[in-house]
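Encoded as structure tokens, the structure appears first; notes follow it.
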Protein chains: 2
Amino acid sequence: MLMGSLGSCRPVLVVCIVLILSLIRASEVAGAPKGHFYKWEVEYMFWSPDGVENVVMGINGRFPGPTIRARAGDIIHVELHNKLHTEGVVIHWHGIRQLGTPWADGTAAISQCVINPGETFSYRFTVDRAGTYFYHGHYGMQRSAGLYGTLVVDVAEGEKEPFHYAGEFDLLLSDWWHKSVHQQEVGLSSNPLRWIGEAQSLLINGRGQYNCSLYSKNAQNDCNIKGGEQYAPYILHVLPNTTYRIRIASTTSLASLNFAIGGHKMLVVEADGNYVMPFMTNSLDIYSGESYSVLITTNQKPNNYWISAGVIGREPQTNQALTILNYKPISASKLPKLPPPATPQWNDTDRSKAFSNKVLAHMNTPKPPKNYDRRVILLNTQNKLNGLTKWAINNVSLSLPATPYLGSMRYGLHGAFDQANPPENYPQDYDLMNPPVNPNTTIGNGVYKFGFKTTVDVILQNANTLSNVSEVHPWHLHGHDFWVLAYGEGKFTNKDEKKFNLKNPPYKNTAVVFPHGWTALRFVADNPGVWAFHCHIEPHLHMGMGVVFAEGIERLGEIPHQALACGLTGTSFMDTNKH
Amino acid sequence: MLMGSLGSCRPVLVVCIVLILSLIRASEVAGAPKGHFYKWEVEYMFWSPDGVENVVMGINGRFPGPTIRARAGDIIHVELHNKLHTEGVVIHWHGIRQLGTPWADGTAAISQCVINPGETFSYRFTVDRAGTYFYHGHYGMQRSAGLYGTLVVDVAEGEKEPFHYAGEFDLLLSDWWHKSVHQQEVGLSSNPLRWIGEAQSLLINGRGQYNCSLYSKNAQNDCNIKGGEQYAPYILHVLPNTTYRIRIASTTSLASLNFAIGGHKMLVVEADGNYVMPFMTNSLDIYSGESYSVLITTNQKPNNYWISAGVIGREPQTNQALTILNYKPISASKLPKLPPPATPQWNDTDRSKAFSNKVLAHMNTPKPPKNYDRRVILLNTQNKLNGLTKWAINNVSLSLPATPYLGSMRYGLHGAFDQANPPENYPQDYDLMNPPVNPNTTIGNGVYKFGFKTTVDVILQNANTLSNVSEVHPWHLHGHDFWVLAYGEGKFTNKDEKKFNLKNPPYKNTAVVFPHGWTALRFVADNPGVWAFHCHIEPHLHMGMGVVFAEGIERLGEIPHQALACGLTGTSFMDTNKH
């Protein structure tokens, strides 16, 4: 670990010496932060996530990438080497707030220059808080290409969770297309739009089944799994009468999911790295970008039970993901007696809202400030731009600049992005219930700049699309958690403030905005950096559905030179006489 | 043009002002060098090169890219904007020597940092000599993805070609796979190797036919071309009794081709941008990286005639490319009476050698120095590296560094690549007729450094592959032409010098080494820069079949900062206090 830290210390030697000394000192203290050093190589490889061989973006020859496991307060150090042939790469540590390390957020064009083929970049950051997280690519549609994995932070040594369990399983949910992301990207940038369509398969820990089914009802297409296949399900082997924690995170490209375990209720205890007021449920809605922990007790008849994840929010054309909860010592290959849990009606928004409204903060969670300093209303619309289909926020479709914001803002390179402030509201007469009268949008990359430590309200306002429906959008904020003050219907007005839950709103990093509705969020802009806030549906972000927030730029420290070596920051600071 | 030049002038303001002034002055002089300014955008798009829709790398929405046409001495200025989503890009101007502009050679990791998505790079260079050239991607396998086009340089105003013709056609030959280059690249980096296989189609000016044939014999699969299709053939409409120049260049990924025109003999007059001693032929062998001009006279019975290009050097599994020589006013859709010219037997190496030996320099061509200063013998072998299949030169398989050589050598960054000189010969007891006893190779990226203006002999020595055959390899040198002194058989020894043609050897930039043979080249290292020398078969280069030459580094001028903004040159010279 120390050697790993040293390797990338050159740019800011003094800071590094201090860091090294402090690490040495820290390692002498019992229970001090521990360093976790990883050397990762990203490359494409042949893989069969669902029984159909394809090209997948893997790490160290594995898909999904390795699981990171640390304790709160530990330091994660990933040396990421790009073994792709022509593509840059970055990795975002989803849910980690990157306090003091905004350059390690892993967002291309925002926090850093991409790591070019043959180059290595050192991510070094503290995982400040226990919880269930994951990591994934944040460049083009590389997340959809398979660049993701699980990141679990346990409580610091000597600390305790507010609940008990004897064992744990970590499930990362994703969706998978047989068409390459390169083809998907071209389709999204085509006129007329060629939509990516629905996923071929849903995956649990990178494993799904496309041409066959684990479920006996479809025995004609039985998978005949032997266990060693790349698409063999990840089975949860349990002992009877035992309590388990199941961590569930969703890094889907598109799908909103409903997760259930046949014959077992789940006690929801954590969401997005924060404890919640525990509640029982038969099934769990999980949107892309969210994570949950549930507790289950294996108090049912010893048997096998189906675990399922199915599509909600869009008309499903993809089979449920299935795996097995296996009571030991019963054979895991014995088919469950109960059928797989039925996924709820995809368009039962009332049910989905009822679920989301059950998620409330645990009593020890930080409380929101009673008042806000600034309120930004963000209208989500589908639009046209020179014949291309785009998503826009207050009629601006995000097109990221060639120079990452963190460097250009830190050093005041005003030519790097739109200097005008993006709009904070939309016209009062906009008809949310119909497609835009004038569907044309503009593109832009301006930044919402917040005073340091101001309290910001964000109202996400949904509307109709060009095809006259309204979709589900899970919005994810980098660098912060926010309080979800309310989910509402129709057009948000200031009168809706009375619906805000200021007592125990859930503290999350991802929140959904329901069809034809609004979602009110509040956060404190107390983390110096530049932060993406965007729909976590990958093709939606690719089509412009995001904004950029910034705060405390004047407080930013050094940024590793490699994170600056592109675009205007790459050329403006170059002094070839230096050598 | 002037505005375009100004746009990228910031880095070296003084040089730029001088340049601008000289351009203004030049434009006042009749017959002075003319500037040609192009704004190009590279992006993937859906296209049907052979009737099967695929994703193709295009320029300004076209495939192949736009044709550049200039006069000798003109200045070409291409502002290349990268609209790809996650891939860098560069463009190499094949056959242009880049005298004084080595940074504009467009070779990733050698002459410049790749242009990242969203960035624009200005290529500005002089086309110093009339001839038939082309341009193409030189990063990963982007040439195979379709990134190429034609570049024709006419004689300077007031000058004359040493032959006459009334009209001209420019044909760019290529081969096309239905599998994406990303999949091809993964296969080439897999253990065991998944070879790309033979092309699905051969294309003439980006047009071929896969599922159908233009030729009546296969009428059941008639293409029913209406003329507007992207895969409709590029037809050569001619007047009777007229002489035409046909420029033919090959940017194939793999295929060596034989080109013929039914019922017409061709007079070969140019090869690789140099006039040759004219000779008549019924068909023309053309290897990837080569270009030729032929003259034909339309003195046959007015009719339509097949033009064909078929695979030689490998057992063909791809249909001939076909198009039509159409005598006006006959309808171009009337089928030729003669069948398409038969492609010669693919493995008739004697015939191929006989053709290559006919290519001799025109009398006005520069003559080779009588003696050489240094001789480098390069053994071409197929090898293994940790289970991967590689090509190696003197048992070193080229793996390009993350920092382009031009910058790292110019500024003496010794950590950027292997400092040891690569081997200049191979063990005397190596058995060329059998696969290597020990197939393991090493990887490396050392540089052959030549004294400025020294005369260098390069002996390309072929051998058997791991599957005990010997293949054809067309080697291409950047930044120079070389004299092809001889093609020989078996193992080259110093006694073979007596076979050298020092009187009128062809002056070319690409020369083939035949199976089990050797090819002797001579060039003068008089162009300061770092230059790739490699097999022009794209997957072979991708598997390591290349070396790097450098000379006159001490004479290098400024390099545009953008070409340096990556790797060690990107971070070492960064001074964020500069602003």
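The values are calculated or read from the model by the stated rules, or taken from the named source; none is laboratory data. Everything quoted here is computed from the prediction, not taken from an experiment. As a convention, Cβ positions derive from the backbone with ideal geometry for all residues, glycine included, and neighbour counts pool all protein chains shown. The area values use the complete protein model at the heavy-atom level, side chains included, leaving out ligands, DNA and RNA. Shrake-Rupley method; radii C 1.70, N 1.55, O 1.52, S 1.80 Å.
I need the peptides A:169-177, A:191-199, B:294-302 ranked by packing, meaning the mean over residues of other C-beta atoms within 10 angstrom, with the highest value on top. Please report the intermediate quantities before stating the final value.
Values: A:169-177: 23.6, A:191-199: 15.6, B:294-302: 17.2.
Answer by packing, highest mean first, reads A:169-177, B:294-302, A:191-199.
Would you mind estimating how fast region A:266-351 diffuses translationally, via Stokes-Einstein at 20 °C and 1.002 mPa s with the Kirkwood radius over Cα pairs, in µm²/s? Each step should come with its number before you reach the end.
Values: Rh = 14.7 Å.
Estimated diffusion coefficient is 146 µm²/s.
Buried accessible area for the A:B pair, summed, 1.4 Å probe, in Å² rounded to 100?
Values: alone 23200 and 23270 Å², together 42350 Å².
It comes to approximately 4100 Å² buried between A and B.
Can you give the relative contact order of chain B as a percent, counting alpha carbon pairs under 8 Å and 6+ residues apart?
Dividing the mean separation by the residue count of chain B yields 13 percent.
Taking the label point 7 Å from Cα in the Cβ direction, how far apart in nm is A:Leu193 from each other copy of itself, listed shortest first?
From this label point to the equivalent ones elsewhere in the assembly: 4.5 nm.
With Rg and the Kirkwood Rh both taken from Cα atoms, where does Rg over Rh land for region A:167-361? Can you show the working numbers first?
Numbers: Rg = 17.1 Å, Rh = 17.5 Å.
Reported Rg/Rh (Cα atoms, Kirkwood Rh): 0.98.
How large is ³J(HN,Hα), in whole Hz, for each residue of region A:560-569 in order, when computed from phi with the Karplus curve 6.51 cos²θ - 1.76 cosθ + 1.60 and θ = phi - 60°, using x for Gly and Pro?
x, 4, 4, 6, 10, 7, 7, x, 5, 5
How far, in nm, would the chain grow between A:His414 and A:Asn224 when pulled straight, counting 0.36 nm per residue and subtracting the alpha carbon separation?
Values: separation 190, 0.36 × 190 = 68.40 nm, distance 6.01 nm.
Going from the current span to full extension adds 62.4 nm.
Could you work out [θ]222 nm for chain B from helices alone, using -39500 (n - 2.57) per DSSP H run of at least four and dividing by all its residues? Round to the nearest 500 deg cm²/dmol. Intermediate results must be reported in sequence, preceding the final value.
Working: 7 runs with 57 residues, N = 579.
After summing the helix terms and dividing by residue count, I get -2500 deg cm²/dmol.
Using amide H atoms built 1.01 Å from N in the peptide plane, name the residues 5+ places from B:Gly206, or on other chains, whose amide H lies under 5 Å from its own.
B:Ser174
Which percent of the Cα-Cα distances in region B:439-540 go past 24 Å? All intermediate terms of the calculation are to be shown ahead of the outcome.
Working: 1326 of 5151 pairs.
More than 24 Å apart: 26 percent of the Cα pairs in region B:439-540.
Buried by at least 50 Å² relative to the chain on its own: which residues of region A:534-579 qualify, computing accessible area with a 1.4 Å probe on protein heavy atoms?
A:His561, A:Ala565, A:Thr571, A:Phe573, A:Met574, A:Thr576, A:Lys578, A:His579
Could you derive backbone 3J(HN,Hα) for region A:416-425 from the dihedral phi with the Karplus parameters 6.51, -1.76 and 1.60 (θ = phi - 60°), listing whole Hz in sequence and x where the residue is Gly or Pro?
Karplus values, whole Hz, x for Gly and Pro: 7, 7, 4, 7, 5, 6, x, x, 9, 7.
Ignoring any ligand, DNA or RNA, what whole percent of the accessible area of region B:167-361 comes from carbon and sulfur when the probe is 1.4 angstrom?
Answer for region B:167-361 is 50 percent, counting heavy atoms of protein chains only.
So who's got an amide H within less than 5 Å of the one on B:Gly490, skipping anything under 5 residues away but keeping other chains? H placed 1.01 Å off N, in plane.
Answer set, sorted by chain and number: B:Gly517, B:Trp518.
Which value results for Rg/Rh of chain A when Rg is the Cα radius of gyration and Rh the Kirkwood radius based on the inverse mean 1/r?
Values: Rg = 23.2 Å, Rh = 24.5 Å.
On the Cα set of chain A, Rg over Rh gives 0.95.
Each residue of region A:78-83 in turn: what ³J(HN,Hα) in whole Hz from Karplus with 6.51, -1.76, 1.60 and θ = phi - 60°, glycine and Pro shown as x?
Couplings: 10, 8, 9, 9, 8, 9 Hz.
Which peptide among B:239-252, B:81-94 comes first, and what is the full order, when sorted by highest mean count of other Cβ atoms within 10 Å? Intermediate values should be presented prior to the final figure.
Details: B:239-252: 20.6, B:81-94: 24.2.
Order by mean packing, descending: B:81-94, B:239-252.
Taking the mean number of other Cβ atoms within 10 Å as a proxy for protection, how do you rank A:430-442, B:389-401 from highest to lowest?
On the way: A:430-442: 14.1, B:389-401: 22.3.
The most tightly packed comes first, giving B:389-401, A:430-442.
Enter the mean number of other protein chain beta carbons within 10 Å of the beta carbon of each residue in B:40-49, as an integer. Write down the numbers at each step before the final one.
Details: counts 0, 0, 0, 3, 6, 3, 5, 1, 0, 0.
Average per residue, whole number: 2.
What are the distances, in nm and sorted shortest first, from the label point of A:Asn440 to the label points of the same position in each other copy, with each label point placed 7 Å from Cα along the Cα-to-Cβ direction?
Label point to label point, same position, other copies: 6.6 nm.
What net charge do the residues around A:Thr252 carry, taking every other residue with its C-beta under 12 Å from that of A:Thr252, with Lys and Arg at +1 and Asp and Glu at -1? Working shown, then result.
Values: positive: A:Arg143, A:Arg314; negative: A:Asp175, A:Glu198, A:Glu290, A:Glu538.
Cβ neighbours under 12 Å give a net charge of -2.
Quick one: work out the % antiparallel among DSSP beta bridges in region A:35-154, nearest 5.
On the way: 25 of 38 bridges.
So the antiparallel bridges amount to about 65 percent of the total.
Can you quote the Å³ per residue value for the convex hull of the Cα atoms in region B:374-570, rounded to an integer? Spell out each step's value before the answer.
Working: hull volume 23.5 nm³, N = 197.
Per-residue hull volume (Cα only) is 119 Å³.
Using Cα pairs closer than 8 Å and at least 6 residues apart in sequence, work out the relative contact order for region A:374-570, in percent. It would help to have the intermediate numbers written out before the result.
Numbers: 462 pairs, mean separation 55.3, N = 197.
The normalised contact order for region A:374-570 reaches 28 percent.
Compute for region B:153-222: radius of gyration divided by Kirkwood radius, i.e. Rg/Rh, restricted to C-alpha atoms, rounded to two decimals.
Values: Rg = 19.8 Å, Rh = 16.3 Å.
Over the Cα atoms of region B:153-222, Rg/Rh equals 1.22.
All other residues with a Cβ under 14 Å from the Cβ of B:Met277 taken together, and with Lys, Arg as +1 and Asp, Glu as -1, what is their net charge? Numbers along the way, then the final one.
Working: positive: B:Lys358, B:Lys367, B:Lys503, B:Lys508; negative: B:Glu270.
Charge balance near B:Met277 sits at +3.
Would you kindly work out, in nm and rounded to one decimal, the distances from the label point of A:Glu489 to those of the same position in each other copy, ordered shortest first, with label points 7 Å along Cα-to-Cβ?
Ordered by increasing distance: 8.9 nm.
Using all Cα-Cα distances in the protein assembly as shown, what percent lands in each 10 angstrom bin from 0 up to the longest?
2, 9, 17, 21, 19, 15, 10, 5, 2, 0
Report the net charge of residues surrounding A:Trp483, where surrounding means a beta-carbon distance below 11 angstrom and charges are Lys +1, Arg +1, Asp -1, Glu -1. Intermediate values should be presented prior to the final figure.
Working: positive: A:Lys367, A:Lys503, A:Lys508, A:Arg522; negative: A:Asp457, A:Asp481.
Summing Lys and Arg as +1 and Asp and Glu as -1 gives +2.
Using the reciprocal of the averaged 1/r over all distinct C-alpha pairs, how large is the Kirkwood radius of region A:328-372 in Å? Show your work: numbers first, answer last.
On the way: mean 1/r = 0.0646 Å⁻¹.
15.5 Å is the Kirkwood radius here.
If the reach is capped at under 19 angstrom between alpha carbons, list the lysines near B:Lys390, excluding any in the same chain fewer than eight residues apart.
A:Lys83
Which whole number gives the average count of other chain Cβ atoms within 10 Å of the Cβ atoms across peptide B:182-188? Let's see the in-between values first.
Working: counts 11, 6, 1, 6, 8, 3, 1.
Mean partner shielding for this stretch: 5.
What accessible area per residue, rounded to a whole number of Å², is obtained for the protein assembly as shown using a probe radius of 1.4 Å?
Accessible surface, normalised per residue, equals 37 Å².
Whose amide H sits under 5 Å from the amide H of B:Ala271, counting only residues 5 or more places off or on another chain, with H placed in the peptide plane?
HN-HN under 5 Å from B:Ala271: B:Val276, B:Ser293.
For region B:35-154, what is the Kirkwood estimate of the hydrodynamic radius, computed as the reciprocal of the mean inverse distance between distinct Cα atoms, to one decimal in Å?
Values: mean 1/r = 0.0697 Å⁻¹.
About 14.3 Å, per the Kirkwood formula over Cα pairs.
Would you mind checking A:Lys367/A:Lys491; B:Lys160/B:Lys367; B:Lys160/B:Lys499 for any pair whose Cα atoms are more than 28 angstrom apart?
On the way: A:Lys367/A:Lys491 26 Å; B:Lys160/B:Lys367 21 Å; B:Lys160/B:Lys499 34 Å.
Over 28 Å apart, Cα to Cα: B:Lys160/B:Lys499.
One-quarter of the Cα convex hull surface for region B:396-445, in nm²? Kindly include the intermediate steps, with their values, before the conclusion.
Details: hull surface 17.9 nm².
Spelled out: convex hull of the Cα atoms, projected over all directions, averaged, 4.5 nm².
Take every residue in peptide A:106-119, count the Cβ atoms of other chains within 10 Å of its Cβ, and give the average of those counts.
4
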